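The values are calculated or read from the model by the stated rules, or taken from the named source; none is laboratory data. Nothing here was measured: the structure is a model prediction, and the numbers come from that model. Cβ coordinates were reconstructed from backbone atoms using ideal geometry, including for glycine residues, and neighbour counts include every protein chain displayed.
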Amino acid sequence: MLSKHNTGLIVVDIQGNLAKQVHASSAFLDQCATLIQGAKCLDLPVVVLEQLPNKLGPTDAKLAAHLGAFTPIIKSTFNACEEPEFVERVRSFKVDTWLVCGIEAHICVYQTVLGLLDLDFHVELVSDCVSSRKLSNAELGIHRAEASGASVTSVEMCLYELVKDASSPEFLPILNLIR
């Protein structure tokens, strides 16, 4: 079971025009916005990655608005775990579980998930918050990540798992996000 005391969120490369070109981009971005707002409500650490933003553009404006002040980790590698700054940042939070969302599911998301697993983190891939330009590639990325040891969840499932109790102070804000 997820716990808000040992869980964080990694946002992988949801940037520029590519964020608008992935399968079901509008629904994908809406779900990512809900996940980010839920993570902030639960006071989870959030790490944002950007793949070559000088070429792909910055984090999607809708998501950036929900992230508030943040400093993305800039990378050129597909597996973010090959970037020392990323590894240092994820280890600095002292959590052992990472929710992962982003694009593209079969490239940067998949390779970063494998890297996190190799670093002995538990990974929960948020299935309705990952996408690729082709649906078949998104599905493949999710299946391969799961076969490699990642768990698969959804926005609603993980947020309610983190809240745990309808009497929790975070319950109503999360409920309002989900509705």
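Which residue is farthest from Ser132 (Cα to Cα), if the candidates are limited to the range 16-28 and must be among the aliphatic types (A, V, I, L, M) and buried (at least 20 other Cβ atoms within 10 Å of the Cβ)?
Among them, the one singled out is Ala19.
For the condition within 22 Å of Ser76 (Cα to Cα), modelled with pLDDT of 95 or more and not aromatic (Phe, Trp, Tyr), what is the one hit in Leu135, Leu162, Leu119?
Leu119
Restricted to the range 92-109, and to residues that are among the charged types (D, E, K, R) and surrounded by fewer than 17 Cβ atoms within 10 Å (Cβ to Cβ), which residue is nearest to the chain's Cα centre (by Cα)?
The qualifying residue nearest to the chain's Cα centre (by Cα) is Asp96.
Of all residues in the range 110-126, which are polar (S, T, N, Q) and surrounded by fewer than 22 Cβ atoms within 10 Å (Cβ to Cβ)?
Listed by number, the list holds a single entry, Gln111.
Just to be sure I understand, how many residues within the range 158-179 are under 14 Å from the mean Cα position of the chain (by Cα) and aliphatic (A, V, I, L, M)?
1
Only one of (1) at negative phi; (2) crowded, with 18+ Cβ neighbours inside 10 Å fails for Asp13. Which number is that?
The one condition Asp13 does not meet is (1).
Which one of the conditions (1) out of contact with any Lys or Arg (no Cβ under 8 Å at 6 or more places or on another chain); (2) on the phi > 0 side of the Ramachandran plot does Trp98 fail to meet, given that it meets all the rest?
Exception for Trp98: condition (2).
May I ask you to list the residues in the range 145-178 that are under 22 Å from Val100 (Cα atoms) and of a type in the set (D, E, K, R)?
Glu146, Glu156, Glu161, Lys164, Glu170
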